[in-house]
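This report concerns only the one structure given below.
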Amino acid sequence: MHADVVTGVFRRRKRVVEVSEAFRRLRRCYPRKRLFVILDNLHNVHDHPRFLTLLKRLRIHPVWTPTEASWLNLIEVQFGILKRFTVAHTDDPSHAVRHRRIYRYLRYRHRKLHNLPHPLHRLRSVRPIKLEGH
C-alpha cells in the first residue's frame with residue numbers, strides 16, 4: 001500500500017516456493033527500504049521455517065493480523081473493489097479468461113492513478129478494458 005500499487009501474479013499453487021518468489025520480487029522493488037508486510041491466512045506457508053528464514057535474509061518484517069481479523073489488513077479493501085470489478089456477475093469459461101480480466105482491471109487502476117512506471121506494476125501486456133460501463 002506504500003505506493004498505492006496493487007499487483008498480482010497467478011500461480012497454480014501457493015507453496016513456500018511460489019510465495020517466496022513473490023517476496024523476492026517485492027524486495028527487488030524496494031532494495032533499500034525497510035519493509036513491513038502484513039500476513040494473514042495461508043499459515044501453512046507463513047509459519048514455515050524456510051519461509052521465515054527467507055524473510056530474515058530479505059530483511060522483510062512480517063506483521064501478523066489477529067485470527068479472524070483480516071479486516072484490519074488494508075489490502076482487504078482493495079480485494080473487495082477488485083472482486084466487484086472483475087469477478088462479480090461473471091461466468092468465465094476458464095481461469096485464463098478470469099486472469100486476463102483481473103490484469104486488465106489492474107492496468108486500468110494504475111492508469112487512472114498515474115502510477116504505471118512503478119516497479120511493482122510490471123504486469124503482462126494486456127489490452128485495456130473500459131470499466132466505466134460496469
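The values are calculated or read from the model by the stated rules, or taken from the named source; none is laboratory data. As the structure is a prediction and not an experimental result, all values here were calculated from the model. Positions of Cβ are generated from backbone atoms using ideal geometry, with glycine treated the same way; all protein chains shown enter the neighbour counts.
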Of the numbered conditions (1) part of a loop (DSSP other than H, G, I, E, B); (2) of a type in the set (A, V, I, L, M); (3) free of Cβ contacts under 8 Å to residues at least 40 places away in the same chain; (4) crowded, with 17+ Cβ neighbours inside 10 Å, V6 satisfies every one except a single condition; which is it? (3)
Say whether the condition of being more than 17 Å from V6 (Cα to Cα) and of a type in the set (K, R) is met by at least one residue in the range 23-32. yes
Starting from the range 104-116, take each residue that is modelled with pLDDT under 80 and list its partners that are assigned to a loop (DSSP other than H, G, I, E, B) and surrounded by 15 or more Cβ atoms within 10 Å (Cβ to Cβ), counting only C-beta distances under 9 angstrom and pairs at least six apart or across chains. H110/V5; H110/V6; H110/T7; H110/H118; H110/L123; L113/V5; N115/V5
Checking L123 against (1) modelled with pLDDT under 80; (2) loosely packed, with under 15 Cβ neighbours inside 10 Å, which test does it fail? (2)
Hey, does the range 47-55 have a residue that's surrounded by 12 or more Cβ atoms within 10 Å (Cβ to Cβ), in contact with a helix residue (DSSP H, G or I) (Cβ under 9 Å, 6 or more places away or on another chain) and closer than 15 Å to T7 by Cβ? no
Which of the following residues is free of Cβ contacts under 8 Å to residues at least 60 places away in the same chain and in contact with a strand residue (DSSP E or B) (Cβ under 7 Å, 6 or more places away or on another chain): L55, L42? L55
Taking F23 and the conditions (1) free of Cβ contacts under 8 Å to residues at least 12 places away in the same chain; (2) touching a strand residue (DSSP E or B) at 6+ places or on another chain (Cβ under 9 Å), which numbered condition does it fall short on, given that it satisfies the others? (1)
Could you tell me which residue of the range 59-99 is nearest to the chain's Cα centre (by Cα), considering only residues that are free of Cβ contacts under 8 Å to residues at least 12 places away in the same chain and at positive phi? E68
Determine whether K14 is within 28 Å of Y108 (Cα to Cα), basic (K, R) and exposed (fewer than 14 other Cβ atoms within 10 Å of the Cβ). yes
